[in-house]
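Enquirer: Before anything else, here's the structure in question.
Read-outs: derived from the displayed coordinates by stated rules, not from any lab. Quick caveat: nothing in here was measured; it's all calculated off a predicted structure. No Cβ is skipped: glycine too gets one built from the backbone with ideal geometry, and neighbour counts run over all protein chains shown.
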Amino acid sequence: MASDTPWPLPLDAPAADDLSRCVHCGLCLNSCPTFSVTGLEAESPRGRIYLARAVDEGRLEMTPAVQAHWDLCLQCRACEAVCPSGVAYGRIMEHVRAQVAAAPKKDRLQRRLRSFALRNVVARPRVLAAMVAPARWYAGSPLRGLVRRTRLLRSFGRLAVMEAQLPRRPGKPVRPGDTLAAPLGAAARVTLFTGCVMSELFGGVHRATARVLARSHVAAVATPGQVCCGALHAHDGDLAFARDLARKNIDALEGGDIIVVNSAGCGAAMKEYGQLLAHDPDYAARAAAFAARVRDFSEYVVTLPGRPAGQLDARVAYQDACHLAHAQRIREQPRALLREVQGCTPVATAGADMCCGAAGIYSLVEPGMSAELRARKAAQFREHAPDVVVTANPGCQMQYEAAVREAGLDARVMHLAELLDEAQRNARRR
Amino acid sequence: MTTRRELLARLRAAVGDRNVAWRPEDLLLYEYDGTIEKKLPYAVAFPDGADETAAVVRACNELGVPVTPRGAGTGLSGGAVPARRGVVIATTRMRRILEIDPVNRLAVVEPGLPNIQLSEAAAVHGLFYAPDPSSQKACTIGGNVAENAGGPHCLSLGVTTNHVLGIEVVTAAGEITWLGGRVPDAHGYDLRGAFIGSEGTLGIVTKVVVRLVPVPASVVTLLAVFDTVEQASETVSAIISAGLIPAAMEMMDRTTLQAAEAGLQCGYPPDAGAVLLVELDGLAEMVDSQAASVRGECLERGATDVRTARDAAERELLWKGRKGAIGSLGRIAPNYYILDGVVPRSRLVDVMATVADVSARYDLPIANVFHAGDGNLHPCVMFDEREPGATERVLSAGAEIMRACVEAGGSLSGEHGIGFEKQKFMPWLYNEADLENMARLRPVFGNEGAFNPCKLLPGGTGCGEMAHQEAALRAAGPDAYV
Ligand SMILES: Cc1cc2nc3c(=O)[nH]c(=O)nc-3n(C[C@H](O)[C@H](O)[C@H](O)COP(=O)(O)OP(=O)(O)OC[C@H]3O[C@@H](n4cnc5c(N)ncnc54)[C@H](O)[C@@H]3O)c2cc1C
Ligand code: SF4
Ligand code: SF4
């Protein structure tokens, strides 16, 4: 898939006005995972913005060392959520990465490979399906137990990380055009956004989402023609490609239906399509209208009248997905839904809203920091021993699988939709 | 002459290779704090513990390189900016809570601990650390000690010095010593008291013993809405005269309210002329009757509305706005210059008129946030440093306001410290003999001029380079001290 727009565009450099908005007050420092691990200004939001500004003003070259500080950023946007000055950190960092991609000095080969993989694997459903198929098979197979018992992968760093992250029961894929559970006499119809990895590895979550919606008389349709949301590409600085994907989704999902998204990263990206395509005369207005129709699963479900009751006896640790809590500012809705479930005891863990280190492809690109953040989660799980860890994003779910194992626990890791689905089913059986 | 290589080698020997920053892009990030002053250090050292800190200080002394301590860099008077370059010693590797003793209600912490993390950790014992600067999510206990920081809740509970029992310090000479201890009222000279508020000019704090206080049984938070700052100011005086001592009493003007509301959606009325945020705490019956009196005083002096936070979440929201208010000014202009004057409460209204006048004459918007109960004002002058000459204009506007505070019988700083930017105003308050006496304390701790130079007291060699200051003083008029 070739991009039809020149790349990078001048508009893809961070805007001086965005950068100058930071008054270096430092209030964001301790919300930043990488600052709280390192204590270094260079690994803080304030420092990263200052570096971008120094590059912008010509005080500093964009050296590999400078880039390394940006690379270590998780793009979790915790800083943005607490910044009183309203610094658009997410936008700044996407543009910084676009700038880096245009002038690659460090790890040229790795960057190219990454960009190639994001464009040609992640964004191409059939290629992705073929690549993921063995992993899907492996995840549920007896081989996995063997590999784990023999610790076969111990010395294979990244591979071992990926192995640990695989969901336990991936479930059959749900792809655009597939049929989902339908309610009897639907009161409303919504589009279910299927996504890339989500659709291949988390079909179970999609089905659970459709069932929960159906029980509230909403029909979810996996509208055909939709593609990957482009979040991973935008975070990697490939804004041109992200724009292409956005335009495809806008074309495919034209109409008035609400678009329900159960992956926090995709939802955040799609709510920002208006911003992404603001300079595209043909799409700017359509993109803004599209963005206004996007809802996170929890955000949508809390608005549905007559939700059936749920029942699940479990101590549940809800962990905020960064792009839900920080980018979409949705914290209360998932917790409210969990509180409605009878028998469900919320377990508050420290740092529930701090990044788990999954961060898209981050766990593969920066395994050290990712492991440190995962270890912090694991330590909390060990301390509080929840029965279930719940979140709302596929990448986080995978990281929590690994964290729970690291904590030596048997806790289940579930998407909020899966938990609600199971709880509603339990309640009916009673 | 010391070479860079030599300096780095000595620092690495003191703290280990990984704990010295020296690359240009790393140094750039230690040229600033929360103010507009900037100066690049030669190197940054990150010691862990008193021994390593002392080793760094001694190495710098031997090489004749200036030293500047740094906490989180949220300071608002340029205190952590290395005015004469040299080495910045950052405390970020020392951020552990060493002990919480609920029986004796104290804690022992390291200096780099962010203020709020202490209260969070003490909460399980029903205790908290009282001084709560608005920057408490970020600023460090060590930085608080150095600045004798205050906060909204210091109105009834007192500022940092009232809550610090003892400190372990590495003196400017590089010696490790304890000032004060675990029990209050130790005998002998109160060197602990002298050190607190010394703005990192006498040494570096490496451990702090602080007092913890019980979380109040009952809290009521009121938001009173006024049409004008004058009405709100008069109400403040009336509340105090009525013998009420709120836990906190904060004022914000219209510009601030609008920025805070835009940035933080905290439920402030954006078209009010001013609001007072008043908090009362203590036993339930007492708090309720005091709240009723405060409400009465507000309504009597023209409040158009007095709201009460219904629960903890609403209270937190009201405070979130206040605590983020200064930061949210970044929405109005790319830079702000925040002043920190203190005036007798009775003169609040006159000084505010001067502030408004300065704002009009210099054509610079000024937002106002106050710890109103203490007469501590924070006019924030807004500008864009990229405009040629803007910074100089702002500094001279600031100088005029500071002058007005002093002339009204007030002082130069309520809590942000004198630091770099206001040292030259000190002669407005003190005569030469006073200043000399204060300066004599420095050699006692081993500071011969290179330990956090150009801060707190005027003068010193090599401190005149800050062009901003010079320009500001020239513009402030003929009787300004240069
Ligand atoms: C948005 C905002 C709101 C603020 N609100 C308040 C407020 O309500 N009340 C208030 O008092 N202040 C306030 N401040 C100012 C600032 O947060 C305080 O002065 C704070 O105490 C500084 O702490 P820091 O760790 O950031 O220190 P830094 O800025 O790093 O340093 C400040 C000074 O302390 C010295 N220092 C730091 N650590 C040590 C140490 N371990 N030993 C010796 N000296 C040391 C430095 O040399 C410097 O002179 C605010 C700042 C901001 C940005
Ligand atoms: S990003 Fe926001 S919170 Fe962080 S230093 Fe800049 S202005 Fe302050
Ligand atoms: S996005 Fe996350 S990791 Fe990056 S600077 Fe902000 S808080 Fe830190």
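Enquirer: Relative contact order, percent, of chain B when contacts are C-alpha pairs under 8 Å separated by at least 6 residues?
Expert: So the answer I get is 15 percent.
Enquirer: A 23 angstrom limit on the alpha carbon distance is what I want to check against. Which of B:38/B:207; B:39/B:455; A:271/B:320; A:271/B:137; B:137/B:424; B:38/B:455 exceed it?
Expert: Table pairs above 23 Å Cα-Cα are B:38/B:207; A:271/B:320; A:271/B:137; B:137/B:424.
Enquirer: Sort segment B:347-395 into rounded, prolate or oblate with this rule: let a ≥ b ≥ c be the square roots of the eigenvalues of the Cα gyration tensor; rounded if a/c is under 1.5, and if a/c is not under 1.5, prolate when a/b is larger than b/c, oblate otherwise.
Expert: Prolate, because a/c is 1.5 or more and a/b exceeds b/c.
Enquirer: While we're on this one: Lys and Arg at +1, Asp and Glu at -1: add these up for the other residues within a Cβ distance under 12 Å of residue B:417 and post the number.
Expert: Residues near residue B:417 contribute -4 overall.
Enquirer: Could you order the peptides A:328-336, A:30-38 from most to least packed, using the average number of other C-beta atoms within 10 Å per residue? Please list the in-between numbers first.
Expert: Details: A:328-336: 18.9, A:30-38: 22.4.
Result, highest mean Cβ count within 10 Å first: A:30-38, A:328-336.
Enquirer: Something else about it: Using 7 Å Cα-to-Cβ label points, what is the residue A:68/residue B:13 separation (nm, one decimal)?
Expert: 2.6
Enquirer: If you don't mind, there's one more thing I want to ask. In nanometres, what is the gap between the two model label sites at residue A:345 and residue A:375, each 7 Å from Cα along Cα-to-Cβ?
Expert: If labels sit at residue A:345 and residue A:375, their model points lie 3.0 nm apart.
Enquirer: Let me ask something additional. At 0.36 nm per residue, and after removing the present C-alpha to C-alpha distance, how many nm does the segment from residue A:429 to residue A:275 gain when stretched out fully?
Expert: On the way: separation 154, 0.36 × 154 = 55.44 nm, distance 4.64 nm.
Separation in residues times 0.36 nm, less the Cα-Cα distance, equals 50.8 nm.
Enquirer: May I pose another question? Once label points are set 7 Å from the Cα along Cα→Cβ at both residue B:227 and residue B:316, what is their separation, rounded to one decimal in nm?
Expert: Simple spin-label model gives 3.7 nm for this pair.
Enquirer: Separate question: Let me make sure I get this right: for segment A:165-280, a, b and c are the square roots of the gyration tensor eigenvalues over alpha carbons, sorted descending. Under 1.5 in a/c it's rounded, otherwise prolate if a/b > b/c, else oblate. Which is it?
Expert: Details: a/c = 2.38, a/b = 1.40, b/c = 1.70.
It is oblate, given that a/c is not under 1.5 and a/b is not larger than b/c.
Enquirer: Given the Cα atoms of the protein assembly as shown, and with Rh set as the inverse mean 1/r over their pairs in the Kirkwood sense, what is Rg to Rh to two decimals?
Expert: 0.98
Enquirer: Once the Cβ-Cβ distance between residue A:382 and residue A:336 is put in as r, and R0 is 45 Å, what FRET efficiency do you end up with, to the nearest 0.05? Before the final figure, lay out each step's value.
Expert: Values: r = 28 Å, r/R0 = 0.61.
For R0 = 45 Å, the calculated efficiency reads 0.95.
Enquirer: Treating only the Cβ atoms of Lys and Arg (+1) and Asp and Glu (-1) as charged, compute the dipole magnitude of chain B about its Cα centre; round to the nearest 20 debye.
Expert: For this selection, approximately 1240 debye.
Enquirer: Give, as a single signed number, the net charge of other residues whose beta carbon lies under 9 Å from the beta carbon of residue A:356, with Lys and Arg counted +1 and Asp and Glu -1.
Expert: That sum, taken over residues with Cβ under 9 Å, equals +3.
Enquirer: Using only Cα atoms, tell me the angle between helix B:390-407 and the longest principal axis of chain B; keep it within 0 to 90° and round to the nearest 10.
Expert: That works out to roughly 70 degrees.
Enquirer: Given the DSSP H assignment, sum -39500 (n - 2.57) over each helix run of at least 4 residues in chain B and divide by its residue total; what's the result at 222 nm in deg cm²/dmol, nearest 500? Mind dumping the intermediate values first?
Expert: Numbers: 16 runs with 168 residues, N = 482.
Helices in chain B give a 222 nm mean residue ellipticity of -10500 deg cm²/dmol.
Enquirer: Across peptide B:26-35, what mean number of C-beta atoms from other chains lies inside 10 Å of a residue's C-beta? Walk me through the numbers before you get to the answer.
Expert: Numbers: counts 8, 2, 10, 13, 3, 2, 6, 3, 6, 3.
Other-chain Cβ atoms within 10 Å of each residue's Cβ, averaged: 6.
Enquirer: Here is a follow-up. Report the local net charge at residue B:325: Lys and Arg +1, Asp and Glu -1, summed over other residues whose C-beta lies under 13 Å from its C-beta. Working shown, then result.
Expert: Working: positive: B:254, B:320, B:322, B:323, B:331; negative: B:250, B:253, B:261.
Counting the neighbours of residue B:325, the net charge comes to +2.
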